[in-house]
1. Which condition from (1) touching a strand residue (DSSP E or B) at 6+ places or on another chain (Cβ under 6 Å); (2) surrounded by 15 or more Cβ atoms within 10 Å (Cβ to Cβ) is the one that Lys228 breaks?
2. Just the residues that are over 19 Å from the mean Cα position of the chain (by Cα) and within 9 Å of Ala148 (Cα to Cα), please, taken from the stretch 97-118.
3. Here is a check on your reading of the model: is Val206 in contact with a Ser or Thr (Cβ under 8 Å, 6 or more places away or on another chain), surrounded by 15 or more Cβ atoms within 10 Å (Cβ to Cβ) and part of a loop (DSSP other than H, G, I, E, B)?
4. Scan the stretch 50-83 residue by residue and report those that are among the polar types (S, T, N, Q), within 16 Å of the chain's Cα centre (by Cα) and within 18 Å of Ala25 (Cα to Cα).
5. Restricting to the stretch 184-201, what's the tally of residues that are closer than 21 Å to Ile230 by Cα and aliphatic (A, V, I, L, M)?
6. How many residues does the stretch 13-32 contain that are of a type in the set (A, V, I, L, M) and under 17 Å from Gln53 (Cβ atoms)?
7. Among the residues of the stretch 219-229, count how many are within 20 Å of Met160 (Cβ to Cβ) and not in a helix (DSSP H, G or I).
8. Does the stretch 30-47 include one or more residues that are touching a residue at least 40 places away in the same chain (Cβ under 8 Å) and more than 18 Å from the chain's Cα centre (by Cα)?
Amino acid sequence: MAMLEVKGLTKKFGGLVANDDIAFAVKEGEILGLIGPNGAGKSTLFDLLTGFQRPDAGYVSFLGRSLLGSRPDQISRLGVGRTFQKLRPFDHMTVEENVMVGVLQHTANLRVAREQALGALFFVGLLEKRGAHGHMLSTGQRKRLELARAMATRPRLLLMDEVSGGVDQRSLPGLIDLVNRLKQQGMTMIIIEHNMQVLMSLADRVLALHLGRKIAEGTPEEIQNDRKVIESYLGLAYA
């Protein structure tokens, strides 16, 4: 049984069809890459999977359980974690407290929450920043904090929106290493990423969207050589 199964997922905003009859599945331990030009419907798809938007049609199941009608917090508690493209840490809280918020959905014990938060910060390399506030961090550090907050919710499936977005070249290798470490631990992931070199090194399979529709799905090698993907996204120069 697939960990995540999506069938016929459709979302419209007035006359705009953001997602049109999307279907795919993700197996446990797999990394699925999600690509497409701006406006292809990638972030909307994440919103539908995590309860921030409700589909007009279609079906989503996680571990055999339907997610339709569930709130974001309910979906998170089931084991679906998410990072966001727009980084919005709680600026009035310390880095440690930011991560504790995620842990507290599973426990009311502050001592346990603090210990687990520190463990997540150690994993992402932010332990020394535990007392800093969110607005004091660089973009790369905020990306790491975003990942720590998501990991604190104990996900079995992690949705990552733009791993490399806005990150300078010095910080990028460290972030890729973190994702690879999660991969080695068996974390199941769906990753939206515009940096094709990064994505192709991480993904087991890639799904390509264009104008809200799925236009291709396959191995990284198959996607890089797919005519529709080249014409709509990669460009002839890439080919």
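1. Answer for Lys228: the failing condition is (2).
2. Ala117
3. Details: in contact with a Ser or Thr (Cβ under 8 Å, 6 or more places away or on another chain): yes; surrounded by 15 or more Cβ atoms within 10 Å (Cβ to Cβ): yes; part of a loop (DSSP other than H, G, I, E, B): no.
For Val206, the condition - in contact with a Ser or Thr (Cβ under 8 Å, 6 or more places away or on another chain), surrounded by 15 or more Cβ atoms within 10 Å (Cβ to Cβ) and part of a loop (DSSP other than H, G, I, E, B) - is not met.
4. Taking the stretch 50-83 first, the residues among the polar types (S, T, N, Q) are 50, 53, 61, 66, 70, 74, 76, 83.
Next cut, within 16 Å of the chain's Cα centre (by Cα) only: 50, 53, 76, 83.
The answer is Thr50, and nothing else.
5. Here the count works out to 6.
6. 4
7. 1
8. No, the stretch 30-47 contains no residue that is touching a residue at least 40 places away in the same chain (Cβ under 8 Å) and more than 18 Å from the chain's Cα centre (by Cα).
The values are calculated or read from the model by the stated rules, or taken from the named source; none is laboratory data. From a predicted model like this one, the values you see are computed outputs, not experimental measurements. Heads up, the Cβs are rebuilt from the backbone with ideal geometry, glycines too, and the neighbour counts pull from every protein chain shown.
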